[in-house]
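Here's the structure, in C-alpha cells; my notes come after.
The values are calculated or read from the model by the stated rules, or taken from the named source; none is laboratory data. A quick note: this is a predicted structure, and the numbers were derived from the prediction, not measured. No Cβ is skipped: glycine too gets one built from the backbone with ideal geometry, and neighbour counts run over all protein chains shown. Note: areas computed on protein heavy atoms with side chains; ligands, DNA, RNA excluded. Shrake-Rupley method; radii C 1.70, N 1.55, O 1.52, S 1.80 Å.
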Amino acid sequence: MNVSLSIYDVFASAIPGSLYLVASVYLGVRFGWIGVADLAGLDTTVAVAGAVVASYLLGQVLGSSLRWVVERGDLWAISPIEVRETFRRRNPSVAARPFVDANPFTLLAGLRQVSPEAASEVDRARAGGIMLRSTSPAFLIGAVISFVEAIAAGRLAPVVVGVALLVLAALSLYEGQKRAMWAQMHTYECAVWMPEVDRYLSPSAEDQAGDPVGD
C-alpha cells in the first residue's frame, strides 16, 4: 500500500506537527518519561516512519486547535470582506461583477475545474499561511519552556532562546495572516478570467423576484 502526502499536507500539517513533536520529545526526556538510550536504539526506518506519522497527526490535532485559539484574538487578521473591498478598489472595472460577492472558497472550487495550475498556486499560498499560523503556537510553547528552564537553571542562554522564539511566534503569525490574505486576493484575481463565472453566480430572475406571497 502506497501512502503519499500532498504539498498541502506537508506544509499545513506535517511541518507544524514536527515542531510539536520536538517539544513533546523534549518534555518527555526532561521529565524522564522517555529515555535517551531508548531513542538512540530505535531502528532508523521505524523512527522516521513514526516521526512522519506523529508529526502529521500532531499537526492535524494540535496545529488546527491551537491555531484556532490564536486566531480568536483577531491579531493581524484580515476578514474576507476586507479582502473583497481591497480587490474592488484595485480593480474598479470588475468591481460590480457578481463573482466578487461570492465566497472565495466557492471560487477556488470552480478554479480547480477551469485551471488546476492556478488553483495549485492558490493552494500553496493557503498551505503556507496555515503552516506559519500553526507554527506560531509551537514557537510560543518553546518560549515558555525556555523561560522555565532559565528560571530553574539560573542561566541566561535559555532567556535568549525564549526571546528569539517569541519573535518567531509573532513573525510567523503575521506572515501567515499575510499569506492567507494573498491567497484570497489571488483567488479573486484568477476568477476574473474564469469563463461564465458571472452566469453561474448571478441570481436568476426568479430568485430576484422572490417567492409569491401567500394568503
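Assorted remarks:
- Ranking by accessible area, most exposed first, for 111, 42, 132 with a 1.4 Å probe: 42, 132, 111
- Spin-label pair residue 88/residue 178, simplified geometry with 7 Å Cα→Cβ offset, distance in nm: 2.7 nm
- Helix-derived mean residue ellipticity, 222 nm - over the chain, DSSP H n ≥ 4, -39500 (n - 2.57), to 500: -22500 deg cm²/dmol
- Acute angle (nearest 10 degrees) that the helix 44-58 long axis makes with the longest principal axis of the chain, alpha-carbon atoms: 50 degrees
- Contour minus Cα-Cα distance for residue 103 and residue 72 (0.36 nm per residue): 9.1 nm
- Take each peptide in 175-183, 27-35, 158-166, count the other Cβ atoms within 10 Å of every residue, and average; sorted highest first, the result is 175-183, 158-166, 27-35.
- If you plug the beta carbon distance of residue 6 and residue 159 into 1/(1 + (r/R0)^6) with R0 = 30 Å, you get a FRET efficiency near 0.15.
- Over all other residues within a Cβ to Cβ distance under 9 Å of residue 129, the charged ones net out to +3, with Lys and Arg as +1 and Asp and Glu as -1.
- A viscosity of 1.567 mPa s and a temperature of 4 °C, combined with the Kirkwood radius over C-alpha pairs in the Stokes-Einstein formula, give segment 80-144 a diffusion coefficient of 92 µm²/s.
- Note on segment 128-199: percent of Cα-Cα distances in each 5 Å bin, starting at 0 and stopping at the bin with the largest distance, equals 4, 18, 16, 13, 11, 9, 8, 6, 5, 4, 3, 2, 1, 0.
- Compared with the dominant principal axis of the Cα atoms in the chain, helix 116-153 is inclined by about 30°.
- Out of every Cα-Cα pair that segment 22-149 contains, those further apart than 20 angstrom amount to 65 percent.
- Potential lengthening between residue 113 and residue 31 on full extension [0.36 nm per residue; Cα-Cα distance subtracted]: 24.4 nm
- Degrees separating the helix 80-90 axis from the principal Cα axis of the chain, which is the longest one: 60 degrees
- Per residue, the accessible area of the chain comes to 62 Å², computed with a 1.4 Å probe over protein heavy atoms only.
- Reduced Cα scattering model of the chain, Debye log10 I(q)/I(0), q = 0.07, 0.12 Å⁻¹: -0.34, -0.78
- Accessible carbon and sulfur surface of segment 1-144 relative to its total accessible area, %, 1.4 Å: 64 percent
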